[in-house]
1. Within the range 41-76, track down each residue that is at pLDDT 95 or above and not in a strand (DSSP E or B).
2. Just to be sure, is Gly96 at positive phi and part of a loop (DSSP other than H, G, I, E, B)?
3. With (1) modelled with pLDDT of 90 or more; (2) under 18 Å from Gly128 (Cα atoms); (3) aliphatic (A, V, I, L, M) as the list, and Val38 as the residue in question, which single condition is left unmet?
4. Give the residue that is nearest to Ser46 (Cα to Cα), with candidates limited to residues of the range 97-141 that are among the acidic types (Asp, Glu) and either surrounded by 12 or more Cβ atoms within 10 Å (Cβ to Cβ) or touching a residue at least 60 places away in the same chain (Cβ under 8 Å) (or both).
Amino acid sequence: MDKNGIIKKIQPGGILMNRRRFCYLMVLGGLSLYTRPVFANKASTSIEAPQTATKGSEITIRVTVTHKGNSFLHYTKWLRVIANQKEIARWDYSSGQRPEAEVFTKEITIKALEDLEVTAEAHCNIHGSMGPATVKISVKE
């Protein structure tokens, strides 16, 4: 009944449908806040390494992974580092054991015996990889 005393007919499911719709929207809204990183980017890597090294010396390679997503639904699945087509380091992650942050760095120390081509790649469990990053290290006598 409105303010003029006129009875208005409520359409079947009108109020109930609005409540259902409201509840669905609240649940979806809550999930979207909790799983916000699901709508993120692919995993990308960058490498810091010397351009040259003395033969036989130890060199440190720093690999930084950037991936805007670090929840149990969306995370960096793995990071691998390859030197001269041989895997020298690998980190595997899972929904229960994720990287420490959206941007993280790993260090590898290797002996420079010959010229090196170092490639690093990280992979998102949903979106994949932005592609590998590669650096070349020239080894001098």
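1. Of everything in the range 41-76, those that are at pLDDT 95 or above and not in a strand (DSSP E or B) turn out to be Ala49, Pro50, Gln51, Lys55, Gly56, Ser57.
2. Against the criterion (at positive phi and part of a loop (DSSP other than H, G, I, E, B)), Gly96 does not qualify.
3. With (1) modelled with pLDDT of 90 or more; (2) under 18 Å from Gly128 (Cα atoms); (3) aliphatic (A, V, I, L, M) applied to Val38, the lone miss is (1).
4. Among those that are among the acidic types (Asp, Glu) and either surrounded by 12 or more Cβ atoms within 10 Å (Cβ to Cβ) or touching a residue at least 60 places away in the same chain (Cβ under 8 Å) (or both), it is Glu121.
The values are calculated or read from the model by the stated rules, or taken from the named source; none is laboratory data. Quantities reported herein were computed from a predicted structural model and do not represent experimental measurements. Cβ: placed from backbone, ideal geometry, glycine included. Neighbour counts: every protein chain shown.
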